[in-house]
1. Can you give me the distance in nm between label points at residue 66 and residue 43, each placed 7 Å from the Cα along the Cα-to-Cβ direction?
2. Under a crude label model (7 Å from the Cα following the beta-carbon direction), how far is residue 200 from residue 78 in nanometres?
3. Go ahead and estimate [θ] at 222 nm for the chain from helices alone: -39,500 (n - 2.57) per DSSP H run with n ≥ 4, summed, over the residue count, rounded to 500.
4. Within the chain, what's the longest run with no trypsin sites (Lys or Arg not before Pro) in a DSSP loop and at most 16 other beta-carbon atoms within 10 Å? Give the range, please.
5. Based on the Cβ-Cβ distance from residue 148 to residue 207, what FRET efficiency comes out when R0 is 30 Å, to the nearest 0.05?
6. Computed on alpha carbon atoms, what radius of gyration and Dmax characterise region 3-244, expressed in Å?
7. How much net charge surrounds residue 230 when only other residues with a Cβ under 12 Å from its Cβ are counted (Lys, Arg +1; Asp, Glu -1)?
8. With respect to the cross-link table entries 118/194; 10/175; 194/236, which display a Cα-Cα separation exceeding 27 Å?
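Just so it is clear, none of the values below were taken in a lab; they were calculated from the coordinates. Since the model is a prediction, treat every value here as computed from it, not as a measurement. Positions of Cβ are backbone-derived with ideal geometry, glycine not excepted, and every protein chain shown enters the neighbour counts.
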Amino acid sequence: MSTTVAISGKGGSGKTTLAAMIIRLLREQAGKGGILGVDADPNSCLGLALGVEPAGIVADIREKARAQPPSNTGMDKVRSVEYGIQQAVTEAGGFDLLTMGRPEGPSCYCAVNNLLRKFLDQLSTQYQFVVVDNEAGMEHLSRRTTNNVDMLCIVAEPTSVGAVTARRIFDLARKLPIVVKQIGVVWSRTDQSKELSGIDILGYIPYDKAVSDASMQGKTVFDLQDDSPALAAARKILERILVLNS
């Protein structure tokens with residue numbers, strides 16, 4: 001059975017870095033099954049953090065399928081979506097990456113999104129772990145990514161704005177027509193406690209100059225040393241996630 005970990009948070013909070021570090025750490029664990037990273041943020045930065053160039057994006061598949069003329073059986077569109085998703089999965093060293101790309105335009109995408117969700121759900125069952133890097137809002141999860149999330153990690157900075165954002169994402173996740181089994185907050189660029197009523201604290205990611213330098217220099221999470229404080233903190237967070245979902 002697949003375990004889905006979704007990462008959400010305000011832009012600049014460090015959510016993509018955490019998603020990439022979790023993928024690196026899962027890859028390093030001997031005996032673990034396949035890993036699928038899903039870049040569901042329209043900014044599409046997860047591939048950059050992992051050093052992977054996407055083979056294609058789901059947004060293009062959606063647009064192509066929506067533009068197809070209707071057939072008597074509808075099978076042409078079904079096959080087009082299924083084949084497109086297979087081609088869009090980028091194979092990397094020890095993990096795969098699927099990039100969602102830009103959001104929908106003003107036209108109706110309901111039928112295509114239903115097909116996408118069906119095939120993405122089928123795809124996720126082929127992996128032991130699915131790590132989803134979300135946009136700040138969670139609405140798209142119910143439309144085009146998955147129907148189930150085992151752990152939602154809300155990444156937030158320990159400020160009043162960060163706390164408000166974390167609370168809003170928490171409340172939104174509870175209203176979505178999908179199953180979100182567990183939710184926790186990860187405080188970014190700090191090692192101090194900040195409580196949010198009703199939300200578990202999964203851990204803290206301290207400020208790490210090596211992470212900032214890697215971002216500035218166009219390096220990836222795989223360039224971080226094993227003793228990187230941020231990577232060590234992410235390792236503890238992942239260990240807790242795995243225990244909670246065991």
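1. Inter-label distance under the simple model: 2.4 nm.
2. Those two pseudo-labels are separated by 3.9 nm.
3. -12500 deg cm²/dmol
4. Between exposed loop sites, the widest span is 33-193.
5. Taking R0 as 30 Å, the efficiency between residue 148 and residue 207 is 0.35.
6. 17.8, 61
7. 0
8. Distance filter (> 27 Å) returns 118/194.
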